[in-house]
Amino acid sequence: MPVARGGSGDSIEPTHTAKGPEFEKTKMAQQPLLSLPEFQNVSTGTLVVKEPLNFWGGARVKPKDTTKSEPVYEPATGRVLCDLVPCGEEEVDAAIKSAHSAYLKWSKLSGMERARIMLEAARIIRERRDEIARAEVANNGKSITEAQVDIDISWQTIEYYAGIAPTLSGQHIQLPGGSFAYTRREPLGVCVGIGAWNYPFQLAIWKSAPAMACGNAMVYKPSPMTPVTAVILAEIYKEAGVPDGLFNVVQGGAETGELLCHHPMVAKVSFTGSVPTGKKVMEMAAKGVKQVTLELGGKSPLIIFKDCELENAIKGALMANFLTQGQVCCNGTRVFVQREILPQFLEAVVKRTKAITVGDPLCEKTRMGALITKPQMEKVLGFINQAKEQGAKVLCGGERFVPSDPKLKDGYFLSPCVLDNCRDDMTCVKEEIFGPVMSVLPFDTEEEVLQRANNTTFGLASGVFTRDIARAHRVAENLQAGTCYINNYNISPVEVPFGGYKMSGIGRENGQVTIEYYSQLKTVVVEMGDVEDYF
């Protein structure tokens, strides 16, 4: 909720009780963020957001207390992008009540009616893909090519769940004497989504699209490091025709998250982030017996057998480690390579890694942009230094990178790093780094590598490269992870469920199964005869 410093003057403070023609007129006076001059053809170092970034009741809302304002930085330049003002109790309550009011209307629509509105939202996103992607890059630092893919996945996700919305159904069960029972799949109510900073726009849709398809409303809290594009999504949903309040955005950090998790009108919390925070979310939700979906961290294994198609395996290893500057929870950062092909693999992967273009994320040829914040960059550098101290060998990268463009000199850039000489007991192999660091480990046998791959508290993803089809399926069966990629890595079609084993999470996002996590089952028993005379 960046503070409105000299904004348009159209920002208002709607609450669930706001009524009257003047209120409606003021709401209509707001220009959506994407139509403001500063969002037109965004380039690196130009975007400054002065509008408030809370959204409920169908409009952006000025923060009440700006004393806790904190700057949000553009990763590529290190300059201030906007200010973040966390929502307090009164604001969270207003957003949730706005959501509940919208839920009462939305849940009464048929699946076909909901689908029609969702398809309109998907169409708008598809048409404005490039503008949204440029705003995403300014706030997140990833390359424009990646951001465009994220936006494509986003509208495809809405289309997918719009297609499922009319198909929601129950079961008919025949009982003796002509009696019967049936089940109804019903929405939960107000759901809370808490997103991460690595996929700000896409995660807001991964959570909101299935929730809305089932008839729920959502209050969404983006990461305080990437507050901007969730508001763009809220405005697109409004333009598509959802009831005011169906998708709301509250800004803030841990305190705001706690208010959301504890609120008595919230039925479910879906969280993406770290394991420690996920545990706290689960604990808070438990006090209100609220449902949770947790998509947490990972330290995923990628196993490359000597009979693989080596060129594909190298490309897979790069995809598994360097997307979004390595800031991806399911990255295959423990790369196990069968000893016989280790020299060839290392030579080729280092050559390819050195050739990765790092720099201005809005430049089409860039393949790696900036890390999210300066502290995150320093944390990753700390992991690399510790790895060296513990005996790992840096084959390339792992250093602060300063692009030649002067406007990028204060950006949070790192050269992608490949570590050799790694052991299973090293910190860089055990802990999630969340940066562009690939740890390579040799192995000899299938049995051995499976034991080592599974020797972790995480279980989000995994991968195997081999030409042996029997081995591929055998290894996939025995890897303790929610996803196993065979001869590929880090693809995320919306049709395919995504989630973790062990401490990597609970529940799933994407796929048809996610409907079960945003709805509840009611059983209705119908007696067609007389009640049994027992007493």
Complete set of residues in the stretch 404-419 that are among the hydrophobic types (A, V, I, L, M, F, W, C) and either part of a strand (DSSP E or B) or surrounded by fewer than 19 Cβ atoms within 10 Å (Cβ to Cβ) (or both): 414, 417, 418, 419
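When only residues in the stretch 42-58 that are open to solvent by less than 60 Å² (accessible area, probe 1.4 Å) and either free of Cβ contacts under 8 Å to residues at least 60 places away in the same chain or in contact with a Gly (Cβ under 8 Å, 6 or more places away or on another chain) (or both) count, which is nearest to residue 219 (Cα to Cα)? Give the derivation first.
Of the residues in the stretch 42-58, the ones open to solvent by less than 60 Å² (accessible area, probe 1.4 Å) are 42-45, 47-49, 51-58.
With either free of Cβ contacts under 8 Å to residues at least 60 places away in the same chain or in contact with a Gly (Cβ under 8 Å, 6 or more places away or on another chain) (or both) added as a condition, the list becomes 48, 51-52, 56-58.
Working: 48: 25, 51: 19, 52: 16, 56: 9, 57: 11, 58: 12 Å.
Result: 56.
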Criterion: aromatic (Phe, Trp, Tyr) and closer than 20 Å to residue 426 by Cα - qualifying residue of 336, 322: 336
Test: residue in the stretch 465-484 that is open to solvent by 30 Å² or more (accessible area, probe 1.4 Å), farther than 17 Å from residue 307 by Cα and acidic (Asp, Glu): yes
Test: residue in the stretch 306-320 that is outside any helix (DSSP H, G or I), in contact with a helix residue (DSSP H, G or I) (Cβ under 6 Å, 6 or more places away or on another chain) and in contact (Cβ under 8 Å) with a residue 60 or more places away in the chain: no
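What tally of residues in the stretch 64-83 results from selecting those that are open to solvent by 20 Å² or more (accessible area, probe 1.4 Å), charged (D, E, K, R) and under 17 Å from residue 197 (Cβ atoms)? Please lay out each step first, then the result.
Looking only at the stretch 64-83, we keep the residues that are open to solvent by 20 Å² or more (accessible area, probe 1.4 Å), and these are 64-71, 73, 78-80.
If we keep only those that are charged (D, E, K, R) as well, we get 64-65, 68, 70, 79.
Then drop every residue that is not under 17 Å from residue 197 (Cβ atoms), which leaves 70.
Matching residues across the stretch 64-83 total 1.
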Which numbered condition residue 357 misses (of (1) in contact with a Cys (Cβ under 9 Å, 6 or more places away or on another chain); (2) open to solvent by 30 Å² or more (accessible area, probe 1.4 Å); (3) under 24 Å from residue 477 (Cα atoms)): (3)
Number of the exception - residue 508 against (1) touching a Pro at 6+ places or on another chain (Cβ under 9 Å); (2) open to solvent by less than 10 Å² (accessible area, probe 1.4 Å); (3) closer than 15 Å to residue 206 by Cβ: (2)
Criterion: in contact with a helix residue (DSSP H, G or I) (Cβ under 9 Å, 6 or more places away or on another chain), open to solvent by 10 Å² or more (accessible area, probe 1.4 Å) and of a type outside the set (S, T, N, Q) - qualifying residue of 250, 242, 231: 242
From 212, 225, 218, residue being touching a residue at least 60 places away in the same chain (Cβ under 8 Å), open to solvent by 10 Å² or more (accessible area, probe 1.4 Å) and hydrophobic (A, V, I, L, M, F, W, C): 225
Residue within the stretch 149-157 that is acidic (Asp, Glu), in contact with a Lys or Arg (Cβ under 7 Å, 6 or more places away or on another chain) and open to solvent by 10 Å² or more (accessible area, probe 1.4 Å) present: yes
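Do you know which of the residues in the stretch 158-182 that are hydrophobic (A, V, I, L, M, F, W, C) and either without any contact (Cβ under 8 Å) to a residue 40 or more places away in the chain or surrounded by fewer than 14 Cβ atoms within 10 Å (Cβ to Cβ) (or both) is nearest to residue 492 (Cα to Cα)? Give the derivation first.
Residues of the stretch 158-182 hydrophobic (A, V, I, L, M, F, W, C): 158, 162, 164-165, 168, 173, 175, 180-181.
Among the residues that remain, those that are also either without any contact (Cβ under 8 Å) to a residue 40 or more places away in the chain or surrounded by fewer than 14 Cβ atoms within 10 Å (Cβ to Cβ) (or both) are: 173, 175.
Working: 173: 37, 175: 43 Å.
Looking at residues that are hydrophobic (A, V, I, L, M, F, W, C) and either without any contact (Cβ under 8 Å) to a residue 40 or more places away in the chain or surrounded by fewer than 14 Cβ atoms within 10 Å (Cβ to Cβ) (or both), I get 173.
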1 or more residues basic (Lys, Arg) and in contact with a helix residue (DSSP H, G or I) (Cβ under 9 Å, 6 or more places away or on another chain): qualifying strands (runs of 3 or more DSSP E) within the stretch 35-154: 59-61
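Is it the case that residue 275 is open to solvent by less than 40 Å² (accessible area, probe 1.4 Å), within 18 Å of the chain's Cα centre (by Cα) and not small (Gly, Ala, Ser)?
Criteria met by residue 275.
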Long-range neighbours under 6 Å by Cβ, at least six apart or interchain, first residue within 16 Å of residue 350 (Cβ to Cβ) and open to solvent by less than 70 Å² (accessible area, probe 1.4 Å) within the stretch 381-403, second among the aliphatic types (A, V, I, L, M) and assigned to a helix (DSSP H, G or I): 395/350; 396/350; 398/384
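The values are calculated or read from the model by the stated rules, or taken from the named source; none is laboratory data. What you are looking at is a predicted structure, and each value in this text was computed from that prediction instead of being measured. When we count neighbours, we look across all protein chains shown, and the Cβ atoms used for this are built from the backbone with ideal geometry, even at glycine. To get the accessible areas, we keep the full protein, side chains included, count just its heavy atoms, and leave off ligands, DNA and RNA. Shrake-Rupley method; radii C 1.70, N 1.55, O 1.52, S 1.80 Å.
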